[in-house]
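Quick notes on the structure that follows.
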Amino acid sequence: MAGNVSTPGASVTSRAFALLGAFDVDHRELSLSELAGRADLPLPTAHRIARELVGLGALERREDRYAVGRRLWDLGLLAPVQFELRQVAAPFLQDLYGATGATVHLGERDGAEVLYLDRISGNASVPVVSRIGGRLPLHATGIGKVLLAWAPEDLRRQVLASLTRVTPYTVTQPGRLREQLRRVRREGFAQTVEEMSRGACSIAVPIRSSGGEVVAALGLVVPDLSRGRARLISALQVAAAGIGRSLPVSLSGSGR
């Protein structure tokens, strides 16, 4: 929820941000009444501000529902960390796709979720639920497990305390996931088998800055990992190392 901004002293800017903050991973489209309720704004105020935001491209109107507009995503890509990381990583993602033919993902941790910065769709028909600019749970994806393994301990405790089941194969036992994260740190890669979507497996490695900090993760989604896993890990590690060497100093310490 966006919080209480219905007081008379609340600025137009704070109310506009309250409307935008009403959207989250579980609420990607909202009716006007839902939008007003989650932003804690009177319905006429929500309607007026939403109409202005639609005109500016910050929101999209889809019949009787609203969604975040493309203009916000375009602006978000200009944020220094995401823009520079995507620019640096782009040729390595293309090389990785060329070498494996698999769906390639680049992601960073944003709070308790994975924020997907880039994606190249693979040749195989594999169900992939991620999208550029989208967010998914840390505990159910390969990239997420890598980022969670090197996240601050308080964040790990927060995630482990609330493990949601996405598929029948999602790991929701805190002890089991904690052991998996120890193994990720020890072996340098994470993998999942149908934890985020049925028929899809993922494998991922960390991207480190010149100072050794994990600033992002690089992953592949494939139909299965029973064959060729070592080759995929090797390709990922080569690409991740190349990205890490190419990162500007400004990206060091950017993990959140």
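The values are calculated or read from the model by the stated rules, or taken from the named source; none is laboratory data. In this text, all values refer to a predicted model and were calculated from it rather than measured experimentally. Cβ placement follows ideal geometry from the backbone for every residue including glycine, while neighbour counts extend to all protein chains displayed. Please note that ligands, DNA and RNA were not included when accessible areas were found on the heavy atoms of the full protein model with its side chains. Shrake-Rupley method; radii C 1.70, N 1.55, O 1.52, S 1.80 Å.
Miscellaneous remarks
- Count of residues meeting criterion [open to solvent by less than 20 Å² (accessible area, probe 1.4 Å) and either farther than 23 Å from Ile132 by Cβ or at pLDDT 95 or above (or both)] in region 217-231: 4
- Condition check for Arg182 on (1) at pLDDT 90 or above; (2) surrounded by fewer than 17 Cβ atoms within 10 Å (Cβ to Cβ); (3) closer than 18 Å to Val222 by Cβ: one failure, at (3).
- Among the criteria (1) touching a helix residue (DSSP H, G or I) at 6+ places or on another chain (Cβ under 8 Å); (2) in a helix (DSSP H, G or I); (3) β-branched (Val, Ile, Thr); (4) under 13 Å from Glu195 (Cβ atoms), the one Thr170 does not fulfil is (2).
- Selection count where residues are more than 26 Å from the chain's Cα centre (by Cα) and surrounded by fewer than 12 Cβ atoms within 10 Å (Cβ to Cβ), scope region 20-32: 0
- Screening the candidates Trp150, Trp73 for the property of being in contact (Cβ under 8 Å) with a residue 60 or more places away in the chain, open to solvent by 70 Å² or more (accessible area, probe 1.4 Å) and among the hydrophobic types (A, V, I, L, M, F, W, C) yields one hit, Trp150.
- Contact annotation: residue pairs with Cβ atoms under 7 Å, 6 or more positions apart or on different chains, pairing a residue in region 198-222 that is without any contact (Cβ under 8 Å) to a residue 60 or more places away in the chain and within 16 Å of Phe92 (Cα to Cα) with a partner that is open to solvent by 10 Å² or more (accessible area, probe 1.4 Å) and polar (S, T, N, Q), are Val205/Gln237; Ser209/Ser252.
- Residues within region 128-147 that are at pLDDT below 90 and either assigned to a loop (DSSP other than H, G, I, E, B) or aliphatic (A, V, I, L, M) (or both), tallied: 7
- Hey, Ser125 modelled with pLDDT under 95, assigned to a loop (DSSP other than H, G, I, E, B) and open to solvent by less than 20 Å² (accessible area, probe 1.4 Å) or not: no
- Pair list, Cβ under 9 Å, 6 or more apart: region 18-36 residue of a type in the set (Val, Ile, Thr), other residue open to solvent by less than 30 Å² (accessible area, probe 1.4 Å): Val25/Gly134; Val25/Leu136
- Residue pairs whose Cβ atoms lie under 6 Å apart, separated by 6 or more positions or on different chains, with the first residue in region 179-191 and part of a strand (DSSP E or B) and the second at pLDDT 95 or above and not hydroxyl-bearing (Ser, Thr, Tyr), are Ala190/Gly142; Ala190/Lys145; Ala190/Val146; Ala190/Val184; Ala190/Ala204; Gln191/Gly142; Gln191/Ile203.
- In region 192-216, the residues that are in contact with a Gly (Cβ under 9 Å, 6 or more places away or on another chain), open to solvent by 30 Å² or more (accessible area, probe 1.4 Å) and in a strand (DSSP E or B): Arg208
- Meets criteria (more than 20 Å from Ser246 (Cα to Cα), modelled with pLDDT under 90 and among the basic types (Lys, Arg)) for Arg62: yes
- Looking only at region 93-117, and only at residues there that are among the charged types (D, E, K, R) and in a strand (DSSP E or B), the one that is surrounded by the fewest Cβ atoms within 10 Å (Cβ to Cβ): Asp110
- Counted residues, region 15-65 - those being closer than 20 Å to Arg135 by Cα and either in a loop (DSSP other than H, G, I, E, B) or in contact with a Pro (Cβ under 9 Å, 6 or more places away or on another chain) (or both): 6
- When the criteria are applied in full, Ala39 fails the requirement of being open to solvent by less than 60 Å² (accessible area, probe 1.4 Å), farther than 30 Å from Val166 by Cβ and modelled with pLDDT of 90 or more.
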